[in-house]
1. Say each of D54 and V9 gets a label point 7 Å from the Cα, pointing the same way as Cα to Cβ; how far apart are those two points in nm?
2. Net charge within 9 Å of E40 by Cβ-Cβ distance, Lys/Arg positive one each and Asp/Glu negative one each, not counting E40 itself?
3. HN-Hα J couplings of the stretch 14-23 from phi, Karplus 6.51/-1.76/1.60, θ = phi - 60°, integer Hz, Gly and Pro as x?
4. How many nm separate the modelled label positions at D45 and D81, each set 7 Å beyond the Cα in the direction of the Cβ?
5. Could you calculate the FRET efficiency of I95 with D31 from 1/(1 + (r/R0)^6), where r is the beta carbon distance between them and R0 is 25 Å, rounded to 0.05?
Amino acid sequence: MALVTAAVVMLDCAEPEKLAQFYREFLDAEDGEASANLIEIRTADGFRIAFRRDVNATPPSWPRPENSLQAHLDFLVADLDEAERRVVGLGGRPIETKDPAGPYEERGYADPAGHSFTLRLQPTSAPKQG
């Protein structure tokens, strides 16, 4: 029997209710466990993400150099433009929306609490050249 039975990505934030709503709608997720200081959501494929209240939470400054990126989320999407419209419509903001050189097409965003995440085009068969 496995020692670890599940993993949950945990994001600290000042307002877990608002951040849970953003990701719940973006990921088409369902409510999981909740308490006064923690809200968890679950996607249909079992991905779990939780939001923990920290009234002193400050958003990371990435990509500015004075605060290095500690961790971020990557979401594979079929359509970058459609995913961007949804993120922005839900209150997220672009950080890096120009397509970088390299094999993957991706764009960086911040959620309403300032946590960074990347939308990455799900590769079809061959990576982009350049």
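1. So the two model labels end up 1.6 nm from each other.
2. 0
3. 6, 10, x, 4, 5, 5, 4, 4, 4, 6
4. The modelled label-to-label distance comes out at 2.4 nm.
5. My answer for the efficiency is 0.35.
Each reported figure results from applying straightforward, stated rules to the coordinates on display, with no laboratory input. Note that the structure is predicted; figures quoted are calculated from it, not measured. Every residue, glycine as well, gets a Cβ built from its backbone with ideal geometry; the counts of neighbours run over all protein chains shown.
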